[in-house]
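Structure first, then comments.
The values are calculated or read from the model by the stated rules, or taken from the named source; none is laboratory data. For clarity, every value in this text was computed on a predicted model and none was experimentally measured. Note that we place each Cβ from the backbone using ideal geometry, even for glycine, and neighbour counts take in every protein chain shown. Each accessible area value is taken on the protein alone, full model and side chains, heavy atoms only, with ligands, DNA and RNA left out. Shrake-Rupley method; radii C 1.70, N 1.55, O 1.52, S 1.80 Å.
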Amino acid sequence: MSAQELREKFIDFFKSRGHAVVPSSSLISDDPTVLLTTAGMQQFKKYYLGERSALDDFGSRNAVSIQKCFRTTDIEEVGDERHLTFFEMLGNFSFGGYFKREAIYYAYDFLTKELGLKIDYVTIFDPEKVPGGDWRKEVPFDYESFSIWQELGLPEEKIRREGIDNFWGPPGTEGPCGPTTEIFVKGIEVWNLVFNEYYATSEKKLKKLGEPGVDTGSGLERLLAVKNGFGDVFEIDTLAPLLAEVEKIKPGLDLRIKKILADHLRGSAFLIAEGLRPSNKEAGYILRRLLRRIVAYQIRFDIHADIFSIATARLQAIFQAAYPDLLASEIFPVMEMERDKFESALSKGFKELGRYEEMTAADAFYLYETYGLPFEVMKEMSPAAKDIRKEDFEAEFEKHREISRVGAEEKFGGHGLTDENQNGAEREKIMRLHTATHLLQAGLRKILGPEVEQGGSDITPERLRFDFSFNRKLTDEELKEVEIWVNGVINEDWPVSFIVLPIEEAKKTGALFFFKEKYPEMVKVYFIGPSFEEAISKEFCGGPHVARTGEIGRFRIIKEESAGAGLRRIRGVIE
């Protein structure tokens, strides 16, 4: 069976049973609690909460959809037989229309009669399996589901009782929740039926919902693999051709690496088709992470073919009927641009990685900050990194962010920061202005040329003042261009980081420094950008700075004037 046949069969089955067909919502979720759409029910949350009426909007209390989904929680598991980042979720939903009996019968009929599958066993909720003290322990045993499965001929030993795994609840927040029943075929979970009959408050107190609802989900890739007797989701027709292309590009490549490449190429294409672009924040960071992992493997395994253009063409052929948005021409250019930004720094990073015989989490973080090496790639590529735990790496990341924010030294630009002479709001404003000064110098050199050199600066909580060498007055157009460039970098939300180097070595990196200043033997070099190699600004500096450029706010030049022979002065503010 092909993926398209399964899509059509699923939709037709539920449409013939009074379900309204609802198109997939965007992968870029409008739900502020998530970055991307991770489940079919997300677009229906307002109907479960009673904020909207499915009857008014869809003409039915029952709906069916095939939802594009994206999950990164198991990204390190991608490469096995089942895990994927992007996947399609088959789902049927009811908002006060039907409940457990109809939902279970529908799932049973579709699996056994439409697909000809045999159910191995199912699981149901039992509070006796829940640890003591857990809020779900007060929910009664799901006897109704137990009885329905018995009606359908499943013996008691095939109706397994489980605890927390069979109760869906909103993690950390309030919302609809309830027991679930999961269906297993050939030892694989192929469908999860959620019965929302409670409302969990923020204190995890349960109330009965006035109108209970049904929320089901079945991963298309996993179900199709089971239907076709495949032991691996990468054998189905939406993944196998892409895997074959990777094999053609690099014969003999490890199967796990080929699967990661195929998965990330597919997932990236769908995100870009939705309008997402690589960035250093939120969902854009997820896309950047996938693309950069692909580039890392290209370099590591010496893949010379243009994997992005080949994969884009193949994906468009595979999905053009179901998802015509993938025909968007900008998918490949976006991938290509991100590759070009990253591959130079990455090549140097791999060389540096190869020098380590032993590594700590701090070493791994240094390579990540300096060269942009993804943590997962370091773990895979270097025996020295294989025992580093993700939580230790993340602890180094948080430690560095704190150092960047507070700064070990709190003197810069002629303006000292101490607890005695500044309150918290003023300190924050000065850090934002100081980081903006770095961007201003970089912008001036970008627009006017490398003859721009710092001549001095001063910062107050109200404004920044920056003096620089230049032999004429700037035009209004040049000032506007500098302002636009600075605000563009701010909007990119680049990280602001530093490394400590011996002074002579620091000078060789191309970092800017103030010639009149006397520096110690070891200096901090603050850099702004995705990595040290790709930084758009590098300067000797004591700090402190904001952690990311997005914290600065909008920058505006308020005045440009002479500060002496061959010296110009700019005053600027942030809003």
Report, by residue number, each residue of the range 74-104 that is in contact with a Ser or Thr (Cβ under 8 Å, 6 or more places away or on another chain) and open to solvent by 20 Å² or more (accessible area, probe 1.4 Å).
-> Met89, Gly97, Glu102
Check off (1) open to solvent by 80 Å² or more (accessible area, probe 1.4 Å); (2) in contact with a strand residue (DSSP E or B) (Cβ under 9 Å, 6 or more places away or on another chain) for Pro450 and give me the number that stays unchecked.
-> (2)
Conditions: (1) part of a helix (DSSP H, G or I); (2) in contact with a Lys or Arg (Cβ under 9 Å, 6 or more places away or on another chain); (3) farther than 30 Å from Ala425 by Cβ. Phe532 meets all but one. Number of the miss?
-> (1)
Among the helices (runs of 4 or more DSSP H) lying completely within the range 295-403, list those that include at least 2 residues that are closer than 30 Å to Leu6 by Cβ and either small (Gly, Ala, Ser) or in contact (Cβ under 8 Å) with a residue 24 or more places away in the chain (or both).
-> 307-319, 331-353
Which pairs have Cβ atoms under 6 Å, sit 6 or more apart or on different chains, and link a residue in the range 59-79 that is farther than 19 Å from Leu326 by Cβ and without any contact (Cβ under 8 Å) to a residue 12 or more places away in the chain to one that is in a helix (DSSP H, G or I) and open to solvent by 10 Å² or more (accessible area, probe 1.4 Å)?
-> none
Restricting the search to the range 1-56, which residues are aliphatic (A, V, I, L, M), in a loop (DSSP other than H, G, I, E, B) and at pLDDT 95 or above?
-> Met1, Val22
Criterion violated by Glu221 - all others in (1) open to solvent by 10 Å² or more (accessible area, probe 1.4 Å); (2) touching a residue at least 24 places away in the same chain (Cβ under 8 Å); (3) outside any strand (DSSP E or B); (4) under 25 Å from Leu6 (Cα atoms) satisfied = (1)
Test each condition in (1) at pLDDT 85 or above; (2) in contact with a Lys or Arg (Cβ under 9 Å, 6 or more places away or on another chain); (3) hydroxyl-bearing (Ser, Thr, Tyr) for Thr435 and report the one that comes out false.
-> (2)
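Strands (runs of 3 or more DSSP E) wholly in the range 111-195 with at least 3 residues that are open to solvent by 10 Å² or more (accessible area, probe 1.4 Å) and touching a strand residue (DSSP E or B) at 6+ places or on another chain (Cβ under 9 Å) - which ones? Lay out the reasoning, then the answer.
Details: elements: 121-125, 159-162, 175-185.
Per the criteria, 159-162, 175-185.
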Filter the range 459-490 down to residues that are at pLDDT 90 or above and among the polar types (S, T, N, Q) and give me whichever is farthest from the chain's Cα centre (by Cα).
-> Thr475
For the range 200-218, how many residues meet the condition of being crowded, with 16+ Cβ neighbours inside 10 Å and either more than 30 Å from Glu138 (Cβ to Cβ) or under 27 Å from the mean Cα position of the chain (by Cα) (or both)?
-> 4
